[in-house]
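Worksheet for the structure shown next.
The values are calculated or read from the model by the stated rules, or taken from the named source; none is laboratory data. Remember, predicted model here, so these are calculated numbers, not experimental data. Cβ coordinates were reconstructed from backbone atoms using ideal geometry, including for glycine residues, and neighbour counts include every protein chain displayed. For the accessible areas, the whole protein counts, side chains as well, though only heavy atoms, and no ligand, DNA or RNA atoms are used. Shrake-Rupley method; radii C 1.70, N 1.55, O 1.52, S 1.80 Å.
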Amino acid sequence: MSAQHEAGVAATHRVVILGAGYAGLSAAIQLACRVKRSEKVQVTLVNAQERFTERLRLHMTATGQRLAELSIPELLEGTGARFERGWVTAVDADAKTVRIDDERVLPYDTLVYALGGVADTAAVPGVEDHAYTLNSAQDAEVLADRLSRLGSGTVVVVGSGLTGVESAAEIAERHPELNVVLLGRSEPGAAMNPKARAYLRAALDRLGVQVRSGAEVVKVLPGAVELAGGESVAADAVLWTSGTRVSPLAAAAGLTVDEHGRIVTDATLRSVSHPEVYAVGDAAAIRQGYGVMHGTCQGGMPTGVHAAVSIVRELKGRRPRPFRFGYYHTPVSLGRNDAVVQFTHPDDSPRRLFLTGRIAVRYKETVTASPWPTWGRMKKMPASGAFWPRGGRFTRVREA
Ligand SMILES: Cc1cc2nc3c(=O)[nH]c(=O)nc-3n(C[C@H](O)[C@H](O)[C@H](O)COP(=O)(O)OP(=O)(O)OC[C@H]3O[C@@H](n4cnc5c(N)ncnc54)[C@H](O)[C@@H]3O)c2cc1C
């Protein structure tokens with residue numbers, strides 16, 4: 001390698017983004033478009049698959065509905081970002097390298113960590129062996145296959161959070177021949193206002209979903225789940241949606257993580273232990289005035305955009321600004337023909353206003369399909385990506 005070439009390589013700032021979900025893709029498109037004209041910045045996006053996983057629609061995949069084929073390299077077209085397909089097996093935070101498929105090594109100057117999170121299959125015995133999940137498109141397809149061959153029987157959905165509710169409703173609507181039981185600690189829609197919650201419950205009743213709240217599953221067996229207290233609920237298939245687990249890579253790399261393994265960030269989304277690492281989306285523990293953000297797409301995309309804007313500021317010698325985000329809605333599908341959309345205060349507490357029925361279905365679909373127009377606009381006009389509710393007085397950020 002010539003000295004001139006070596007100097008050129010050394011002068012290039014290499015940004016590697018791990019994970020092409022909603023947050024990682026937002027970071028990649030935003031950053032690549034902002035630095036497109038600079039030969040001194042190289043953006044590489046790494047993801048396990050070339051196809052974009054529409055997590056917001058995995059309950060549809062699980063009931064055999066075909067989704068659009070969205071190619072990550074196509075989504076990046078025209079941005080100048082490179083795509084590297086592979087499974088990230090290690091991050092070496094001292095050497096500033098990332099290992100892919102245990103064979104390739106990618107060096108970085110700045111890392112954006114966006115590996116997301118999945119349902120926690122390790123917390124309860126038997127889940128890993130006997131339960132289905134929506135942790136990936138492949139997992140959802142395996143469940144779809146099982147459901148299509150059940151004929152009749154009982155499907156137990158564990159977890160009464162929004163993924164559990166959407167899944168139970170979708171399965172009941174698509175497979176009226178099956179008994180669907182939704183088991184969870186709390187009431188479905190517990191965080192909604194009483195009227196929205198009642199609507200959600202009535203929709204589940206109409207679809208024939210048997211709801212059992214206050215249930216603590218302690219074991220999953222080959223044909224049943226066992227509850228605390230010893231009761232056993234027969235199940236021909238168990239879908240596990242409870243809890244969240246993140247990749248162990250960040251902790252293994254020595255980055256400061258919280259009790260769930262998420263990277264603890266400062267107010268600007270940089271790792272508190274490794275400021276050359278930005279953490280975004282579900283993989284990050286991001287503190288706002290109201291507490292630590294919980295994993296959503298509505299908050300994940302802004303975190304990706306903010307990290308990208310901050311990297312550009314740092315490259316120009318400026319200080320990155322604090323991240324601020326306020327929630328604004330909780331849209332929940334109840335099969336294909338019904339939904340409830342709870343509008344929220346920035347801290348995610350429910351407002352009085354909510355939508356139901358066809359208008360809620362249209363709202364939910366618009367939200368679910370919105371990343372594509374958002375990324376398309378960002379490619380033409382990067383600044384358009386920076387519009388999201390900052391949360392006003394609810395989001396006074398305290399430096400970590
Ligand atoms: C059924 C369902 C419905 C949902 N509905 C909503 C909703 O209505 N509204 C909402 O706001 N949120 C919803 N969510 C939550 C939302 O999907 C997540 O909050 C969001 O996907 C987080 O985005 P992310 O980019 O952080 O992670 P992800 O979207 O999970 O992306 C992470 C990416 O990293 C890749 N990856 C992970 N590990 C590795 C590795 N080691 N090597 C290489 N690649 C790796 C994954 O394959 C994936 O592509 C829903 C989730 C589910 C499951």
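Straight-line reach from Lys36: which aspartates and glutamates fall under 19 Å, measuring Cα to Cα and dropping same-chain residues less than 8 apart?
Result set, ordered by chain and number: Glu74, Glu77, Glu84, Asp109, Glu314.
Please compute the length gained on full extension between Ala48 and Leu150, using 0.36 nm multiplied by the number of residues separating them and subtracting their Cα-Cα distance.
That pair, Ala48 and Leu150, stretches by 33.6 nm at full extension.
How would Asp92, Asp109 line up by accessible area, probe 1.4 Å, largest first?
Values: Asp92 70, Asp109 45 Å².
Sorted descending by solvent-accessible area, the residues read Asp92, Asp109.
Suppose every Lys and Arg Cβ carries +1 and every Asp and Glu Cβ carries -1, with no other charges. What dipole size does the chain come out with about its Cα centre, to the nearest 20 debye?
2100
Which one of Ala122, Thr97, Gly78 is farthest out on the positive end of the charge dipole of segment 75-124, using unit charges on Cβ (Lys, Arg +1; Asp, Glu -1) and the Cα centre as origin?
Gly78
222 nm [θ] for the chain, helices only, -39500 (n - 2.57) per DSSP H run of 4+, per residue, to 500?
Counting only the DSSP helices, I get -9000 deg cm²/dmol.
Whenever you get a sec, line up Thr244, Thr374 from highest to lowest accessible area (probe 1.4 Å, protein heavy atoms).
Values: Thr244 95, Thr374 35 Å².
Result, largest first: Thr244, Thr374.
Keeping all protein chains in position, work out how much accessible area Phe354 exposes to a 1.4 Å probe, and write it in Å² to the nearest 10.
60
Can you classify segment 42-95 as rounded, prolate or oblate using the Cα gyration tensor, where a ≥ b ≥ c are the square roots of its eigenvalues, rounded means a/c under 1.5, and otherwise it's prolate if a/b beats b/c and oblate if not?
Details: a/c = 3.59, a/b = 1.60, b/c = 2.24.
Here segment 42-95 falls in the oblate category.
For the chain, what does the relative contact order come out to in percent, with C-alpha contacts under 8 Å and a separation of six or more?
17
Expressed as a whole percentage, what fraction of the accessible surface of segment 331-394 belongs to carbon and sulfur atoms when a 1.4 Å probe is rolled over the protein heavy atoms? If you can, show how the numbers build up before the last one.
Values: 2040 of 3320 Å².
So the carbon and sulfur contribution to the accessible surface is 61 percent.
Quick one: dipole size for segment 285-358, taken about the Cα centre, charges +1 on Lys/Arg Cβ and -1 on Asp/Glu Cβ, in debye to the nearest 20.
Result for segment 285-358 is approximately 360 debye, rounded to the nearest 20.
Could you calculate the contour length gain from Arg37 to Ala369, that is, 0.36 nm times the residue separation minus the distance between their Cα atoms, to one decimal place in nm?
116.5 nm
According to the square roots a ≥ b ≥ c of the eigenvalues of the Cα gyration tensor, what is the shape class of segment 288-338, taking rounded for a/c under 1.5, prolate for a/b larger than b/c otherwise, and oblate for the remainder?
Verdict is prolate for segment 288-338.
Contour minus end-to-end for Gln138 and Glu187, with contour as 0.36 nm per residue of separation and end-to-end as the Cα-Cα distance?
This chain segment gains 14.7 nm when fully extended.
With a 1.4 Å probe and every protein chain kept in, tell me what percent of the accessible surface of segment 236-330 is carbon plus sulfur.
49
Report Tyr328's accessible area, 1.4 Å probe, all protein chains in place, as a number in Å² to the nearest 10.
Here the accessible area works out near 80 Å².
Simple spin-label model, 7 Å along Cα-to-Cβ: Glu103 to Leu221 in nm?
Taking the two extended label points, one gets 4.5 nm.
Can you return the lysines within cross-link range of Lys40? Criterion is Cα-Cα under 19 Å, with same-chain partners fewer than 8 residues away left out.
In chain and number order, the partners are Lys96, Lys316.
Hey, got the dipole for segment 209-345? About the Cα centre, +1 on K and R Cβ, -1 on D and E Cβ, debye to the nearest 20?
820
Rounded, prolate or oblate: which fits segment 30-178, taking a ≥ b ≥ c as square roots of the Cα gyration tensor eigenvalues, rounded meaning a/c under 1.5, else prolate when a/b beats b/c?
prolate
Using +1 at the C-beta of Lys and Arg and -1 at the C-beta of Asp and Glu, which of Val158, Pro382, Leu134 has the Cα lying farthest in the positive direction of the dipole of the chain?
Selected residue: Pro382.
Report the Stokes-Einstein translational diffusion coefficient (µm² s⁻¹, integer) for the chain, Rh taken as the Kirkwood radius over Cα pairs, at 37 °C with viscosity 0.692 mPa s.
Calculated translational D: 149 µm²/s.
For the pair Ser384 and Ala251, what calculated FRET efficiency results from E = 1/(1 + (r/R0)^6), where r is the Cβ-Cβ distance and R0 = 41 Å, to the nearest 0.05? Before the final figure, lay out the partial values.
Working: r = 36 Å, r/R0 = 0.87.
So the FRET efficiency works out to roughly 0.70.
Could you state the number of Å between the C-alpha centres of segment 56-103 and segment 249-313?
When both Cα centres are located, 18 Å separates them.
If I model a spin label at Ser213 and Ala123 as a point 7 Å from the Cα along the Cα→Cβ vector, what separation in nanometres do I get?
Rounded to a tenth, the inter-label distance reads 1.8 nm.
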